[in-house]
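Since the structure comes first, as structure tokens, the remarks are kept for the end.
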Amino acid sequence: MTERSLSLERRELMDSFHIRRLLTALILLCLLPWLLSGCERGSGVAQVHPDESGVLVVVTRNGPTTYYLDRHERPSGPEYDLVTDFAKAHGWEVDWMVVDSTAQVIDALEAGKAHLAASGLTHLESRNQRFERGPAHTEVTQQVVCHRDLASKPRQNADLANVEIAVTADSSYAERLRTLASDHEGLSFQEVNKGTERLLGEVAEKALQCTVADSNIVKVNRRFMPSLSVAMDLTEGQNLGWYLAGGATELAEQAFGWMNSREGDEAIDRMERRHYAYITEFDFVDLRALNRRIEDRLPEYKELFLAAEEETDMPADLLAALSYQESHWNPNARSPTGVRGMMMLTQNTARSLGVTNRLDPEQSILAGARYLEDRHRRLPEHIPEPDRLFLALASYNVGRGHLLDARQLARDLGKDPDSWSDMREVLPLLSDERYYPQLRYGYARGYEPVHFVRRIRNYRDVLSQAFD
């Protein structure tokens, strides 16, 4: 081969080398955003089934009807409970991705950053086309919520054109309002990147005239915001449930299978009892008074409740709720039966607990906490919480003897004496002449402890924010 031929071959090789380098650089440049996005938390996790990784990644939003941390910084909420039970049934851990809005939930699921969205999402045809629809667990109605002082509340769809409305972006509420706007001239609304609870707060503060929220969200939040008023229902019943990443058919089938099983039914029942069933019909006057007294009276006694918690391990917000139920935080409260003070103690109970003055708030609160702790300690340790705590409250109200009678009656009737769900059905039978003549302690107004526990749970939910 001549020197000229070698030179030409060398140049051709060099040109080919540079072309390959250039192509490689171009490919890397194109792939760089994808490679970088792959390093982000959760990206692409939907491609790996939890059976392989052992981890179920779930996106949710922060709120009282979805997922939140309680005052002891423990995860709680309806969606948290259901997902935890679902994952436990399959031996998976749960990695929670908590975001602020429905739009962020949708974005995370669409980007493949989570296997499952458990965020109180309404099942909509538009969402069914984008994702794998999961099982439903709750039925709700969309409600238009305004401030109770608003003079011209909407009562029918056409009236919506006369009020200012803002709703969460990318929500089922926005989709419903868009449909109505096509049929009602002048109807307009804003889509904003704010959570539903935040918008309800703006309505309560008169910063916004009206918003739209699911009935379960309204039910929970009206206890904290008693100035909210339901103006009208915007829909009939709709299903709330889970959504899964597109193509996750196997995981969707597992979710449906679990939710529709006996185990799933029991999990839904527990969730409803824990988060919704005890909430009574809305009492504006009562809750307005409670919220006013949280500002006016609670600060004077808050440290006493915290000190009582320190000594007895009975939660301070629970003690405050108990005291509000008993006396509305009036240290001079008195009943016709002779019970007195912040915790409405009988003279004999107060004396047994070392109280020298039932009208002294410090003595009364600490004694009430000790008495509740004693009711709790005397119950069998195997009773799970929060059932054991609810039974202790019932004992505080109706007396330990009557509670023991009710627990035995529960056994006789094939009910579970360790389950508050069963016991709240049995306790009213203490006033039923078919049963109380055979009971050791006889007749008792058994409905009272059921209502007593329900109201304290309601009050505690409202009060808990004051102890955060």
*In the range 346-361, which residue that is within 17 Å of Leu372 (Cβ to Cβ) and assigned to a helix (DSSP H, G or I) is least open to solvent (accessible area, probe 1.4 Å)?*
Ala350
*With respect to Leu404, determine if the residue is surrounded by fewer than 22 Cβ atoms within 10 Å (Cβ to Cβ), more than 30 Å from Ala289 (Cα to Cα) and modelled with pLDDT under 95.*
no
*Taking the stated definitions as given, is Ala89 touching a strand residue (DSSP E or B) at 6+ places or on another chain (Cβ under 7 Å) and under 22 Å from Gln254 (Cβ atoms)?*
no
*Mind telling me which of the residues Glu205, Glu175, Glu253 ends up being farther than 20 Å from Asn291 by Cβ and open to solvent by 70 Å² or more (accessible area, probe 1.4 Å)?*
Glu253
*Are there any pairs with C-beta distances below 6 angstrom linking a residue in the range 249-268 that is more than 23 Å from Ala114 (Cα to Cα) to a residue that is polar (S, T, N, Q), with the two at least 6 apart or on different chains, and if so which?*
none
_Here are the criteria: (1) assigned to a helix (DSSP H, G or I); (2) in contact with a Gly (Cβ under 9 Å, 6 or more places away or on another chain). Tell me which single one Gly241 does not satisfy._
(1)
*Mind listing just one residue for me: the one in the range 407-441 that is touching a residue at least 24 places away in the same chain (Cβ under 8 Å) and closer than 19 Å to Ala277 by Cβ and, of those, most open to solvent (accessible area, probe 1.4 Å)?*
Arg424
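Considering only residues that are over 23 Å from Leu427 (Cα atoms) and open to solvent by less than 50 Å² (accessible area, probe 1.4 Å), which ones fall in the range 364-390?
Step one: of the range 364-390, the residues over 23 Å from Leu427 (Cα atoms) are 364-367, 369-370.
Within the range 364-390, Ser364, Ile365, Leu366, Ala367, Ala369 qualify.
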_Given (1) more than 29 Å from Ala466 (Cβ to Cβ); (2) modelled with pLDDT under 95; (3) touching a Pro at 6+ places or on another chain (Cβ under 8 Å), identify the lone condition not met by Gly186._
(3)
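Right, Pro315: more than 24 Å from the chain's Cα centre (by Cα) and either open to solvent by less than 30 Å² (accessible area, probe 1.4 Å) or under 29 Å from Asn332 (Cα atoms) (or both) or not? So that I can check it myself, show each step before the final result.
Working: more than 24 Å from the chain's Cα centre (by Cα): no; either open to solvent by less than 30 Å² (accessible area, probe 1.4 Å) or under 29 Å from Asn332 (Cα atoms) (or both): yes.
When the stated conditions are applied, Pro315 does not pass them.
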*Mind checking which strands (runs of 3 or more DSSP E) fall wholly inside the range 58-159 and carry at least 2 residues that are open to solvent by 10 Å² or more (accessible area, probe 1.4 Å) and in contact with a Gly (Cβ under 8 Å, 6 or more places away or on another chain)?*
93-99, 132-140
_I want to confirm something. Restricting to the range 318-345 and keeping residues that are open to solvent by less than 60 Å² (accessible area, probe 1.4 Å) and hydroxyl-bearing (Ser, Thr, Tyr), which single residue is nearest to Ile294 (Cα to Cα)?_
Tyr324
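The values are calculated or read from the model by the stated rules, or taken from the named source; none is laboratory data. Remember, predicted model here, so these are calculated numbers, not experimental data. Glycine gets a Cβ as well: all are built from the backbone with ideal geometry, and neighbour counts include every protein chain shown. Only protein heavy atoms, including side chains, enter the accessible area calculation; ligands, DNA and RNA are left aside. Shrake-Rupley method; radii C 1.70, N 1.55, O 1.52, S 1.80 Å.
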